[in-house]
Amino acid sequence: MGDIEIRDDRAAGRLEAVADGEVVGRIEYFPLDGPERALVPVHTVVEPAHEGKGIAGSLARELYAVAAREGSAVAPLCPYVAKWAERHPDQAPAAGPELIRAAKEWLAAHPGRF
């Protein structure tokens, strides 16, 4: 397998890991405008043939990097991203409870989105 490229498909709400032209992993997310700007990851998926290669961690790292470049927070509802953030507090600032609550409310109000 060649190098992994990570691309942000904002319109689709996906951060994708691409290898040899094939999407091998993704984080599905949505942007949140209030109480502060944030990216909210909901699911992380890595294709079975590509598991164990650090793809999910690379996606989580890039999600936080994208948010930092945009001046946004990250409110991780995805269990994988939340655990990754706990292990990498230097790269993943914690989201406050109000932001997490707002993200959960948005998700509950859009049941067909994910």
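Among (1) 0.95; (2) 1.02; (3) 1.21, which is the computed Cα Rg over 2.2 N^0.38 Å?
Correct label, based on the coordinates given: (2).
So for the range 47-114, considering every pair of alpha-carbon atoms, how many percent are separated by more than 21 Å? The partial results should precede the final answer.
Numbers: 728 of 2278 pairs.
Tail fraction, whole percent: 32.
What size of dipole, in debye to the nearest 20, comes out for the chain about its Cα centre when the only charges are +1 on Lys and Arg C-beta atoms and -1 on Asp and Glu C-beta atoms?
Working: 13 positive and 18 negative charges, 66 e Å.
Charge dipole of the chain: 320 debye, to the nearest 20.
Nearest 10 degrees, 0 to 90: what angle lies between the long axis of helix 97-109 and the longest principal axis of the chain (Cα atoms)?
Long axis of 97-109 versus the principal axis of the chain: about 80 degrees.
Quickly estimate the mean residue ellipticity at 222 nm for the chain, helices only: each DSSP H run with n ≥ 4 gives -39500 (n - 2.57), and the total goes over all residues, rounded to 500.
On the way: 3 runs with 38 residues, N = 114.
Result for the chain, helices only: -10500 deg cm²/dmol.
Convert each backbone phi in the range 26-37 into a coupling constant with the Karplus relation 6.51 cos²θ - 1.76 cosθ + 1.60 (shift: θ = phi - 60°), then list the ³J(HN,Hα) values in order as whole Hz, x for Gly and Pro.
Result, rounded to whole Hz: 7, 10, 8, 8, 9, x, 10, 9, x, x, 8, 5.
Can you tell me which of 54-60, 39-45, 98-104, 9-15 comes out highest on packing, and rank the rest after it, using the mean Cβ neighbours within 10 Å? Intermediate values should be presented prior to the final figure.
Values: 54-60: 20.1, 39-45: 21.7, 98-104: 17.0, 9-15: 14.3.
Result, highest mean first: 39-45, 54-60, 98-104, 9-15.
Amide H of residue 29: which non-local residues (sequence gap of 5 or more, or other chain) have their own amide H closer than 5 Å, using H built in the peptide plane?
Result for residue 29 returns 14, 15, 42.
How far is helix 55-70 tilted off the main Cα axis of the chain, in degrees rounded to 10, range 0 to 90?
It is inclined by approximately 50 degrees.
Read-outs: derived from the displayed coordinates by stated rules, not from any lab. What you see is a predicted model, and the numbers here were worked out from it, not measured in a lab. Here the Cβ is made from the backbone with ideal geometry for all residues, glycine too, and neighbour counts use every protein chain on show.
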